[in-house]
Every structure is written in C-alpha cells, then in structure tokens.
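The values are calculated or read from the model by the stated rules, or taken from the named source; none is laboratory data. Remember, predicted model here, so these are calculated numbers, not experimental data. Cβ placement follows ideal geometry from the backbone for every residue including glycine, while neighbour counts extend to all protein chains displayed. Calculation scope for accessible area: heavy atoms of the full protein, side chains included, ligands and nucleic acids excluded. Shrake-Rupley method; radii C 1.70, N 1.55, O 1.52, S 1.80 Å.
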Amino acid sequence: MTTHLVLVGAGHTHLHLLKHATALRRAGYRITLVAPTRFWYSGMAARLLGGAPRDACSLDVAALSARHGIEHVTAPFVALDVHAKHVFLADGHHIDFDVLSLNVGSDVVPPTPSGATVPSWGNTRYWHVKPIERLDALYQHVLDAARQRQALHMVVVGGGPSGVEMAANLAGLSQRLGVANDIRLVTRHARLLPAAPDAASRWASRQLARLGVDWYPDVVLDGGAGWLDSLDVSPDDIVLATGLRPAYCVADLPLALDDNGIRIKATLQSEEHPTIFAVGDCASLIDHSLPKRGIEGVRQGPVLLQNLIALQNGTPLRDYHPPATALAIVDMHDKGLALYGERWRGGRLALRLKRYIDARFLRHYR
C-alpha cells in the first residue's frame with residue numbers, strides 16, 4: 001500500500017529528500033512537495049545583495065521536482081489539520097497526507113521586546129534579510145538610486161553575521177557603483193559578532209571601518225524611534241538583520257511549540273505526532289537549543305531520509321545529534337571571516353573558501 005508523504009517547504013533538508021526520491025518511492029512513498037518554484041540559498045545572501053545573477057544564488061525547485069518525478073504544488077501552505085491529516089493551501093484546496101514533513105524556514109525577529117511589527121518612521125523603507133529573495137529587490141533599489149545619482153542614507157540593524165554581511169556588502173556595492181551612500185550599522189550589543197572571539201570581532205570592526213561603514217554599539221532599540229536621534233540623519237532605508245525566528249505560519253499550527261519553533265524529538269518527529277516531522281529553522285529540538293543556521297538543515301537531511309524509510313519498515317528511528325560546533329564564514333564583500341568555535345581567520349582566502357563551499361552545495365542539486 002502506498003503512503004502519501006507531503007513535504008511542505010523546500011529548505012536544505014527537503015532538498016536532500018528530493019535528491020533521494022527514488023529511495024523513498026522504493027520504501028512505498030508517493031511524494032508531494034508544497035513549495036515555491038525556487039529555493040534561495042541563504043549562504044549566498046550577500047552575493048545576491050551584491051548583484052550576483054538570481055540563478056547563481058538559487059535552485060529551480062520546479063525543475064528539480066520534475067527531474068525526480070515528484071508532484072510539485074506551488075500554492076502557499078496556510079494551515080494544518082492534524083486529526084483529519086489535511087494540509088490547507090492558499091488557493092482553497094487541501095492535500096491529504098499520511099506522513100508530513102515541515103521545512104518552512106524562518107523570518108526576521110523585529111527589534112522590539114514584544115516581537116510586534118516595527119512601526120513606520122517617516123518615509124523610511126524597510127527591508128528584511130529573510131526571505132532571501134527580498135535582497136534582490138534591495139539591490140535593484142540601490143542600483144536605481146545610483147543611476148539617478150541619488151545617495152542613500154542606509155541603516156543596518158543587527159550586529160550578528162547577517163547584519164555584518166549586509167553592512168559590508170552594501171558598502172562594497174556602493175563603492176562599485178561609484179555612489180557615496182551613507183551606510184551605518186547599529187546593534188544593541190557592545191561589540192560586533194557577540195558569539196565570536198573578541199579578536200575576530202575587532203577584526204570585523206576594522207573591516208567595516210575600511211569599507212566606510214559607521215558602527216554604533218549599545219543602541220537601545222526597544223523605545224520606538226528614539227535611537228534614530230543618535231544617527232544625526234533621517235535614514236532612507238533600514239535593513240533589519242535582527243536575528244531569526246520560525247516562519248510566521250508556524251505560530252498558528254496545532255502542534256507543540258515553543259519560542260524556537262515546532263518541538264521535535266531527536267528523531268525529528270513532532271513531540272505529539274509521530275507521523276509529522278519538522279526540520280531546519282522552523283523546528284526546535286527538545287532539550288537542545290539549535291541556532292538558526294543552514295548547516296543544521298543540511299545535516300538533518302540524511303537523518304530524515306533514513307527515519308522516513310524506517311517509519312515505513314517499522315524499524316527503529318535514528319537520533320539527530322547536532323554538531324558541537326560548525327564552520328561559519330561571514331562574507332565581508334572582498335574578504336571573509338571564518339569562524340570555528342574559538343578559532344578564526346580573516347582574509348581573502350576565507351572568502352574564496354566560502355565561494356567554493358557555496359558553489360559546491362548548489363552544484364550538487366543542479
């Protein structure tokens with residue numbers, strides 16, 4: 001008897017399942033993917049902002065699904081009925097499932113204590129670093145302003161890896177276009193990259209200064225628009241890179257949740273529903289805090305594949321063990337900052353390594 005496996009979202013983990021669809025069919029699954037037509041690779045967010053071709057920073061999910069014989073539905077996922085086992089779509093249709101896996105990603109955390117939508121401040125335009133494809137629109141905006149010889153006052157909010165990447169690459173893009181955009185970075189922390197070694201943080205600060213980015217530490221962001229007074233300028237654009245939280249749709253799901261997403265066991269199964277799995281940024285591993293980073297989704301792929309097959313065969317499922325540490329490389333336009341636990345190295349070689357890793361990942365699925 002065929003078991004209907006529905007995959008919602010085309011994140012890092014589900015890409016692995018698409019690549020190994022034959023093994024899933026051999027185990028008795030019929031597969032339906034509910035996802036947009038493109039997968040935007042978060043590792044190339046900075047390159048997309050820098051004007052790299054869209055095709056170089058993404059994968060054609062429709063073509064990948066067709067190549068592996070998977071039914072692909074593009075209508076957005078909006079709701080879930082765990083008892084009737086229905087996935088509801090924005091076009092009014094629903095899909096029945098026997099086994100479900102959710103890989104719906106993350107959105108930006110607003111810089112307010114309540115997590116509410118950031119208020120509108122004057123005529124300022126707001127940009128989020130997630131979903132990644134929004135950065136292509138930001139690139140076009142900067143390009144259009146440069147063509148009109150308009151210099152922009154731009155503020156990046158967030159001193160983590162994403163914020164540092166955005167500030168550095170906006171500055172690099174401005175230099176390449178020959179326009180004197182004013183790029184500033186504000187963070188609530190006393191130093192950049194607070195999870196990195198002190199020396200790496202100082203190195204990143206020097207690189208931003210070299211690129212002409214002004215950095216403002218210890219900024220109180222929770223009191224409305226008051227923090228803008230310290231900038232002595234009214235920004236045209238504010239880029240929010242203030243951390244990640246599970247995609248907005250997760251909050252309304254009838255599953256066990258916490259602040260980090262859908263609560264899952266080590267087997268990647270929902271805490272309450274053994275035929276529902278959740279992976280990547282939308283999932284929260286019980287008793288183990290997972291950072292929102294692509295490497296978790298990549299490493300969960302083989303575990304999820306094995307566990308889906310084991311579920312069909314009635315054999316024990318495998319536990320996912322997060323790595324104690326993982327390599328991360330911050331793209332700072334013309335240099336990279338490689339971080340691995342307390343070890344770090346900055347320079348052009350680190351950026352070349354990042355380029356190689358990113359290209360290899362995408363090439364694996366093309």
Positive-end residue of 35, 365, 15, charge dipole of the chain with Cβ unit charges: 365
Highest GNM mean-square fluctuation among 227, 215, 344, for the chain with Cα springs under 10 Å, belongs to 227
Taking only the alpha-carbon positions of region 11-75 as identical scatterers, the Debye log10 I(q)/I(0) at q = 0.23 Å⁻¹ comes out as -0.94
Tell me what the chain gives for mean residue ellipticity at 222 nm when only DSSP H runs of n ≥ 4 count, each as -39,500 (n - 2.57), the sum divided by the residue total, rounded to 500 deg cm²/dmol. -9000 deg cm²/dmol
Average accessible surface area per residue within region 149-249, 1.4 Å rolling probe, Å²: 41 Å²
Neighbourhood charge, 15 Å Cβ-Cβ cut-off, centred on residue 179 and excluding it, Lys, Arg +1 and Asp, Glu -1: -1
Place a point 7 Å from Cα of residue 189 in the direction of its Cβ. Which residues in region 232-275 have their backbone N less than 16 Å from it? 241-245
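Pop the C-beta distance of residue 275 and residue 295 into the FRET formula with R0 = 30 Å and round what comes out to the nearest 0.05.
Details: r = 27 Å, r/R0 = 0.89.
Efficiency, from the Cβ-Cβ distance: 0.65.
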A chain fully extended from residue 23 to residue 360 at 0.36 nm per residue, minus the present Cα-Cα distance, gains in nm 119.0 nm
Can you tally the net charge around residue 203? Count Lys and Arg as +1, Asp and Glu as -1, for every other residue whose Cβ sits under 15 Å from the Cβ of residue 203. +3
Extension reserve of the residue 216-residue 345 stretch, reckoned as 0.36 nm per residue once the Cα distance is removed: 44.0 nm
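Rounded to a whole number, what % of the accessible area of region 159-285 do carbon and sulfur atoms account for, probe 1.4 Å? Before the final figure, lay out the partial values.
Numbers: 2440 of 4950 Å².
C and S fraction of accessible area: 49 percent.
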Once you treat every alpha carbon in region 238-354 as an equal point and sum by Debye, what is log10 I(q)/I(0) at q = 0.12, 0.18, 0.19, 0.23 Å⁻¹? -0.55, -0.97, -1.02, -1.24
Note the full-extension length gain between residue 334 and residue 93 as 0.36 nm times their separation in residues minus their Cα-Cα distance, in nm to one decimal. 82.0 nm
List nothing, just return the count: lysine pairs in the chain, 8 or more apart or interchain, with Cα separation under 19 Å. 4
For residue 277, other-chain or 5+-apart residues with amide H closer than 5 Å (H placed, Pro excluded) are 100, 101, 102, 270
As a percent rounded to 5, the proportion of antiparallel DSSP bridges among beta bridges in the chain is 45 percent
Tell me the label-point distance for the pair residue 177, residue 79, using the 7 Å Cα-to-Cβ offset, in nm and rounded to one decimal. 4.2 nm
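Taking the Cβ of residue 144 as the centre, find all other residues whose Cβ is under 14 Å away and add up their charges (Lys, Arg: +1; Asp, Glu: -1). Write out the running numbers ahead of the final one.
On the way: positive: 125, 147, 149; negative: 136, 236, 237.
With Lys, Arg at +1 and Asp, Glu at -1, the net is 0.
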